[in-house]
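> Following this message is one structure expressed as structure tokens.
The values are calculated or read from the model by the stated rules, or taken from the named source; none is laboratory data. Predicted model only: the values in this text are computed from it and were never measured. For neighbour counting, all protein chains shown are included, and Cβ atoms are generated from backbone atoms with ideal geometry for every residue, glycine included. Surface accessibility is based on the protein's heavy atoms, side chains included, excluding ligands, DNA and RNA. Shrake-Rupley method; radii C 1.70, N 1.55, O 1.52, S 1.80 Å.
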Amino acid sequence: MAVARMDGSVEVFHCSDRFFQEKIIPGREQCGIEGLSWVGERLFSAGLNGGITEYDLTNQKAKYTIDAYGGPIWAIAGNQQGTHLAVGCEDGTVKLFEVNEDSIQFERNLDRQKSRIVSLSWHPSGSKIAAGMMDMIQVFNIETGHSLHRMLADRGVGTSRSKECVVWSVVYLSDGTIITGDSVGMVKLWDDQTGTLIKSHNVTKCDVLALSVSQNEDSLVAGTSEGIVVQFQFVSMVLEKDDKEWVRTRTFRNHTHDIRAVAEITTAVVSGGMDAQLVVRPLLDKIEERSAASALRKIHFPHRRLVSCARKSGLMLFQYPGHLELWRLGESEGKGSSLFVKRNPEKLLHLKVKGEDHIRCSAVSPCGEWIVYSTASTLRLYRLHCDNNNISITKISKLPKVLSSASQLCFSSDSSHLFSASAQSSVHLVSISQSGCKFVGTLKPKSGERTIGFLAIHLLAASEDGKWVASANSDHEVHIYNLQTRKAHCTVPVYSSAVTAMGIHPATNCVFMMHADQQMFEYSIEQKQYTDWSRTVQRKGLHRLWVERDTPCLNVMFSPQNPSHVILHDMYMLCIIDQSLVRQTRIQKAFSLIFLILVDLCIYIYIYIYIYICLLFQLPAPIKQKKFAT
């Protein structure tokens, strides 16, 4: 499932793997997205900049962008046959593009209209297309390009004549029924043969912004500007009768602001909007037994780490789409439950990205002397100079040619080497020093491994002794490399769920891995096999409450005071795994956690609960709804 954000970034979630955020494609400045469309396994987007973009999902970047030459694009839709792509433009045209093997090519314009095209939906046969616009719906014949029917949308009772009715969303069913959602709060059903209204449902006093129909066309969901999702079902009104009607059955209230997009998948309704959260609401009538799949999910933050730490110097690097912030941690004094602030946190650096591309990944070295970040097209390395309170940076101008861009970045524990993840599941090794930056070699998987083609790496972990580095790619593979021989050492047996976090134990050199389905594994690098502890855990199984958690672990750390303690965290929980016990864990509930680090044998936790609250305060006020007895 693909999700577009207002900053132009695209996220791809694996629906059958606990909705893990498998891929993130960074956006660009002034490139907002108004629509997404799958054509087979290819993903396209369009926006108000007037361009159509196809994405390279393997390398997680935009493949190409072409101009539709129709002004801002408000809607995009591909037919089920995978042969054509249609876009609705500001100039009133529906433009058809032929989908070729490596690109798309403009084919023709359908009859031009007087107002912008706001929504589009293909008939499953691919022979007709319905277009929603101001005050009307047009049905076009694809072969001739002419309009077959023009259906006028009612502006509603008591509405000013000067106020237009905007058809925000349209769905075309296989039986010829056209369903629309408009700005007067109505969900209407139309007959494409006669061009007449069949039935209308008054859903809200505000706008119906999004519609989605199930694959077998027996269920429909509508998202409104009140933050409500309404479900309709195609059911028989009389027992043992074949006559069926669309009936409103459920109402879901999980959003505070406008719902801009909805999608009904096999067992759940997915919705997202202005409050920035992605809500997965299970449909209990389609779930046979209670499990982790039947839980309500609210995805607020990315499933990736956006903060890195310089442990030795007490610095933290925060990654934003268009800039980086470097902070020095504060200090406290005292013991027990009462701690007095000795020094407040201090912002040292605000580094703005050059160009239009947003940041894909970043890192700060453990010594705090180096900062590196990468976009989809460039990689930049800076050296940080700290002289008391004077902070300055120097850009390293001459970088090896292999460092053109990276999908993941990581420094060695002694800050002498930089690891840059690239295409083909390979890792570039670069030595850094005061004299400059020098390419050392490329770490590649063994020939004959199951890796096929180009697979982006989303996780890197380096050992404390500088002997090993591990990488995890989008095909659930974990490769381990020997840094002394600069060759592949082994590959961890592939598990069916994606790796969400991993780390190499500083004492034992064992790789500890967390997966999207909450399973945990420990793999011995030297023995090239799972450890006895890992086998015991898998044999006895994890607790039901742990397995049914709905958020992935984002980080794996190890306690320097007790080597048997493994520290995990997600957005809601901090957990200490005691490996000396079996099926017993100490779980501490905490606020929404984004990052956890160890500095001078202490645990520093940066709590991000207020970020989401501040985001809600920055949004415009939601539509005022009258409450009972008020």
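> Take the cross-link list Lys63/Lys188; Lys95/Lys244; Lys63/Lys286; Lys347/Lys398; Lys128/Lys188; Lys395/Lys528 and give me the ones stretching past 31 Å between alpha-carbons.
On the way: Lys63/Lys188 38 Å; Lys95/Lys244 36 Å; Lys63/Lys286 38 Å; Lys347/Lys398 28 Å; Lys128/Lys188 19 Å; Lys395/Lys528 41 Å.
In this structure, Lys63/Lys188; Lys95/Lys244; Lys63/Lys286; Lys395/Lys528 exceed 31 Å between Cα atoms.
> Could you state the accessible area per residue of segment 387-489 in Å², with a 1.4 Å probe and every protein chain left in place?
Each residue of segment 387-489 exposes 47 Å² on average to a 1.4 Å probe.
> For Ser225, Ser435, give me the order by solvent-accessible area with a 1.4 Å probe, most accessible first, ignoring ligands, DNA and RNA.
Working: Ser225 10, Ser435 115 Å².
Ranked from most to least accessible, the order is Ser435, Ser225.
> Please name whichever of His84, Ile577, His257 sits farthest to the positive end of the charge dipole of the chain, dipole taken about the Cα centre and charges placed at Cβ: Lys and Arg +1, Asp and Glu -1.
Result: Ile577.
> Something else: How charged is the neighbourhood of Phe340? Take every other residue with its Cβ under 12 Å from the Cβ of Phe340, and add Lys/Arg as +1 and Asp/Glu as -1. Intermediate results must be reported in sequence, preceding the final value.
Details: positive: Lys335, Lys342, Arg343; negative: Glu331, Glu333.
Surrounding charge for Phe340 is +1.
> Here's another thing I want to ask about it. Residues with beta-carbon under 14 Å from that of Thr196, excluding Thr196: net charge, scoring Lys, Arg +1 and Asp, Glu -1? Each step should come with its number before you reach the end.
On the way: positive: Arg150, Lys188, Lys199; negative: Asp154, Asp191, Asp192.
Combined, the nearby Lys, Arg, Asp and Glu give 0.
> Using only Cα atoms, find the angle between the long axis of helix 609-618 and the longest principal axis of the chain, and express it within 0 to 90 degrees, rounded to the nearest 10.
Relative to the chain, helix 609-618 is tipped by roughly 40 degrees.
> Counting only C-alpha contacts under 8 Å and six or more residues apart, can you give the relative contact order of segment 209-300 as a whole percent? Before the final figure, lay out the partial values.
Values: 210 pairs, mean separation 20.7, N = 92.
Reported as a whole number, the value is 22 percent.
> A further question follows. Just the accessible area for Phe521, please: 1.4 Å probe, Å², rounded to the nearest 10?
Ignoring ligands and nucleic acids, Phe521 comes out at about 20 Å².
> Given a cut-off of under 8 Å on Cα pairs at least six residues apart, what relative contact order in percent is computed for the chain? Write out the running numbers ahead of the final one.
Values: 1590 pairs, mean separation 38.1, N = 630.
Averaging sequence separation for qualifying contacts and normalising by length gives 6 percent for the chain.
> To continue, here is another question. Let me spell out the model: positive unit charges on the Cβ of Lys and Arg, negative unit charges on the Cβ of Asp and Glu, origin at the Cα centre of the chain. What dipole size does that give, in debye rounded to 20?
Details: 67 positive and 62 negative charges, 357 e Å.
Approximately 1720 debye in magnitude.
> Quick one: grab the alpha carbon gyration tensor of segment 209-300, order the square roots of its eigenvalues as a ≥ b ≥ c, and give me rounded if a/c is under 1.5, else prolate or oblate depending on whether a/b is larger than b/c.
Working: a/c = 2.53, a/b = 1.46, b/c = 1.73.
It comes out oblate by the Cα gyration axes.
> Determine the sum of side-chain charges near Leu209: Lys and Arg each +1, Asp and Glu each -1, restricted to other residues whose C-beta is under 15 angstrom from that of Leu209. Intermediate values should be presented prior to the final figure.
Values: positive: Lys188, Lys205, Arg260; negative: Glu34, Asp182, Asp207, Glu226, Asp258, Asp275.
So the surrounding residues net to -3.
> Let me ask you something else. For the chain, what % of the accessible area comes from carbon and sulfur atoms, probe 1.4 Å?
Working: 15010 of 30050 Å².
Roughly 50 percent of what the probe reaches on the chain is carbon or sulfur.
> Something else now. With every protein chain left in place, what is the accessible area per residue of segment 209-300 in square angstrom, probe 1.4 Å? Each step should come with its number before you reach the end.
On the way: 4500 Å² over 92 residues.
Here the residues of segment 209-300 average 49 Å² of exposed surface.
> Over the chain, what number does the Rg to Rh ratio reach, with both radii from the alpha-carbon atoms and Rh per Kirkwood? Show your work: numbers first, answer last.
Details: Rg = 26.9 Å, Rh = 26.9 Å.
Value, to two decimals: 1.00.
> Probe 1.4 Å, all protein chains in place: accessible area of Asp242 in Å², nearest 10?
140
> So how far, in whole Å, is the C-alpha centre of segment 217-245 from the one of segment 514-543?
Comparing the Cα centres of segment 217-245 and segment 514-543, I get a distance of 46 Å.
> Using a 1.4 angstrom probe and counting only protein chains, how large is the accessible area of Phe97 in Å², to 10?
Approximately 10 Å² for this residue.
> Normalised by the residues of segment 108-239, what does the relative contact order come to in percent, with Cα pairs under 8 Å and at least six apart?
On the way: 312 pairs, mean separation 20.6, N = 132.
Relative contact order, segment 108-239: 16 percent.
> Which peptide among 480-492, 79-91 comes first, and what is the full order, when sorted by highest mean count of other Cβ atoms within 10 Å? Provide the component values of the computation, followed by the final result.
Working: 480-492: 16.9, 79-91: 19.7.
Taking the mean over residues of other Cβ atoms within 10 Å, the ranking is 79-91, 480-492.
> Largest first, how would Ser534, Ser405 line up by accessible area (1.4 Å probe)?
On the way: Ser534 0, Ser405 30 Å².
Reading off the accessible areas and sorting them downward yields Ser405, Ser534.
> For His515, His350, give me the order by solvent-accessible area with a 1.4 Å probe, most accessible first, ignoring ligands, DNA and RNA. It would help to have the intermediate numbers written out before the result.
Values: His515 10, His350 100 Å².
Highest to lowest solvent-accessible surface, that is His350, His515.
> Sticking with this structure for a sec: Toward the positive end of the charge dipole of the chain, about the Cα centre and with charges on Cβ (Lys, Arg +1; Asp, Glu -1), which of Cys410, Thr491, Val208 goes farthest?
The Cα lying farthest towards the positive end belongs to Cys410.
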